[in-house]
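The values are calculated or read from the model by the stated rules, or taken from the named source; none is laboratory data. Please read these numbers as outputs of a predicted model, since none were measured by experiment. When we count neighbours, we look across all protein chains shown, and the Cβ atoms used for this are built from the backbone with ideal geometry, even at glycine.
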Amino acid sequence: MRRSFACLSKGMKSALEYATNWLHIGAMDMDAVFHALADPARRQVLDSLHARNGQTLSELCEGHDMTRQAVTKHLNILEEANLVVTLKRGREKLHFLNPVPIHDIADRWIRKYERGRLKALSDLKKQLEGQDDG
(Lines give C-alpha, C1' and ligand atoms only; values in the text may rest on other atoms or scores of the structure.)
Protein backbone atom coordinates (compact mmCIF):
# COMPACT_ATOMS: atom_id res chain seq x y z
CA MET A 1 0.00 0.00 0.00
CA ARG A 2 1.45 3.34 -1.03
CA ARG A 3 1.24 6.13 1.54
CA SER A 4 1.22 9.84 1.00
CA PHE A 5 3.40 12.03 3.19
CA ALA A 6 1.18 15.07 2.58
CA CYS A 7 -0.32 14.72 6.06
CA LEU A 8 3.09 15.03 7.75
CA SER A 9 4.08 18.25 9.42
CA LYS A 10 6.81 20.39 7.87
CA GLY A 11 9.27 19.25 10.56
CA MET A 12 8.49 15.60 9.95
CA LYS A 13 8.97 16.05 6.20
CA SER A 14 12.36 17.68 6.85
CA ALA A 15 13.36 14.83 9.16
CA LEU A 16 12.27 12.29 6.55
CA GLU A 17 14.24 14.09 3.82
CA TYR A 18 17.29 14.28 6.10
CA ALA A 19 17.13 10.57 6.92
CA THR A 20 16.74 9.74 3.24
CA ASN A 21 19.79 11.86 2.38
CA TRP A 22 22.20 10.54 4.95
CA LEU A 23 21.05 6.96 4.81
CA HIS A 24 21.91 6.96 1.12
CA ILE A 25 25.50 5.91 1.45
CA GLY A 26 26.50 5.25 -2.14
CA ALA A 27 30.11 4.55 -2.99
CA MET A 28 32.39 5.89 -0.31
CA ASP A 29 35.80 7.22 -1.20
CA MET A 30 37.86 6.46 1.90
CA ASP A 31 40.69 8.69 0.65
CA ALA A 32 38.29 11.64 0.54
CA VAL A 33 37.10 10.86 4.06
CA PHE A 34 40.63 10.63 5.45
CA HIS A 35 41.59 13.84 3.61
CA ALA A 36 38.56 15.64 5.06
CA LEU A 37 39.29 14.41 8.59
CA ALA A 38 42.98 15.36 8.37
CA ASP A 39 42.30 19.08 8.77
CA PRO A 40 41.67 20.38 12.32
CA ALA A 41 39.32 23.12 11.06
CA ARG A 42 37.11 20.53 9.35
CA ARG A 43 37.09 18.42 12.50
CA GLN A 44 35.93 21.55 14.39
CA VAL A 45 33.06 21.95 11.92
CA LEU A 46 32.11 18.30 12.42
CA ASP A 47 32.26 18.75 16.21
CA SER A 48 30.00 21.78 15.90
CA LEU A 49 27.49 19.78 13.87
CA HIS A 50 27.71 16.93 16.34
CA ALA A 51 26.85 19.34 19.15
CA ARG A 52 23.97 20.89 17.18
CA ASN A 53 22.94 19.31 13.90
CA GLY A 54 21.14 21.23 11.16
CA GLN A 55 23.06 24.50 11.24
CA THR A 56 23.13 27.10 8.49
CA LEU A 57 26.39 28.50 7.10
CA SER A 58 25.92 31.66 9.19
CA GLU A 59 25.47 29.64 12.36
CA LEU A 60 28.58 27.59 11.61
CA CYS A 61 30.60 30.76 10.99
CA GLU A 62 29.61 32.15 14.40
CA GLY A 63 31.24 29.27 16.24
CA HIS A 64 34.56 29.38 14.40
CA ASP A 65 37.40 31.82 13.97
CA MET A 66 37.23 31.54 10.16
CA THR A 67 35.90 33.63 7.34
CA ARG A 68 32.65 32.68 5.66
CA GLN A 69 34.63 31.65 2.57
CA ALA A 70 36.90 29.37 4.63
CA VAL A 71 33.93 27.66 6.29
CA THR A 72 32.30 27.23 2.86
CA LYS A 73 35.49 25.67 1.49
CA HIS A 74 35.69 23.24 4.40
CA LEU A 75 32.00 22.36 4.11
CA ASN A 76 32.44 21.59 0.40
CA ILE A 77 35.26 19.17 1.20
CA LEU A 78 33.18 17.57 3.96
CA GLU A 79 30.22 17.22 1.58
CA GLU A 80 32.41 15.63 -1.10
CA ALA A 81 33.55 13.09 1.49
CA ASN A 82 29.87 12.51 2.43
CA LEU A 83 30.60 13.55 6.03
CA VAL A 84 28.10 16.40 5.76
CA VAL A 85 24.76 16.32 3.99
CA THR A 86 22.57 19.33 3.30
CA LEU A 87 18.89 19.99 3.26
CA LYS A 88 17.31 23.08 1.73
CA ARG A 89 14.61 24.73 3.79
CA GLY A 90 13.27 27.72 1.91
CA ARG A 91 16.24 30.02 1.32
CA GLU A 92 18.30 28.30 4.00
CA LYS A 93 20.66 25.39 3.52
CA LEU A 94 20.95 23.24 6.63
CA HIS A 95 24.07 21.16 7.25
CA PHE A 96 23.92 17.79 9.01
CA LEU A 97 26.62 15.44 10.20
CA ASN A 98 26.62 12.09 8.41
CA PRO A 99 28.14 9.52 10.79
CA VAL A 100 28.13 6.65 8.27
CA PRO A 101 31.62 7.24 6.76
CA ILE A 102 33.15 7.57 10.23
CA HIS A 103 31.45 4.35 11.28
CA ASP A 104 32.77 2.63 8.14
CA ILE A 105 36.30 3.81 8.94
CA ALA A 106 35.96 2.46 12.47
CA ASP A 107 34.82 -0.90 11.08
CA ARG A 108 37.52 -1.08 8.44
CA TRP A 109 40.54 0.45 10.16
CA ILE A 110 40.06 0.34 13.91
CA ARG A 111 37.99 -2.68 14.88
CA LYS A 112 39.93 -4.91 12.52
CA TYR A 113 43.15 -4.26 14.43
CA GLU A 114 41.40 -4.25 17.78
CA ARG A 115 40.14 -7.83 17.27
CA GLY A 116 43.65 -9.27 17.14
CA ARG A 117 44.70 -7.56 20.34
CA LEU A 118 41.55 -8.63 22.16
CA LYS A 119 42.00 -12.23 20.99
CA ALA A 120 45.63 -12.19 22.16
CA LEU A 121 44.57 -10.89 25.57
CA SER A 122 41.79 -13.46 25.79
CA ASP A 123 44.20 -16.29 24.86
CA LEU A 124 46.71 -15.04 27.43
CA LYS A 125 44.02 -14.90 30.09
CA LYS A 126 42.93 -18.47 29.29
CA GLN A 127 46.55 -19.66 29.48
CA LEU A 128 47.16 -17.96 32.80
CA GLU A 129 43.89 -19.22 34.28
CA GLY A 130 44.71 -22.72 33.05
CA GLN A 131 48.13 -22.57 34.71
CA ASP A 132 46.58 -21.50 38.01
CA ASP A 133 44.26 -24.55 37.94
CA GLY A 134 47.02 -27.11 37.60
Residue satisfying all of: in region 79-108; within 9 Å of the chain's Cα centre (by Cα), closer than 18 Å to residue 51 by Cβ and among the hydrophobic types (A, V, I, L, M, F, W, C); modelled with the lowest pLDDT among these: 102
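Per-residue answers, yes or no, for (1) touching a strand residue (DSSP E or B) at 6+ places or on another chain (Cβ under 8 Å); (2) not acidic (Asp, Glu):
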| residue | (1), (2) |
| --- | --- |
| 66 | no, yes |
| 76 | no, yes |
| 80 | no, no |
| 93 | yes, yes |
| 107 | no, no |
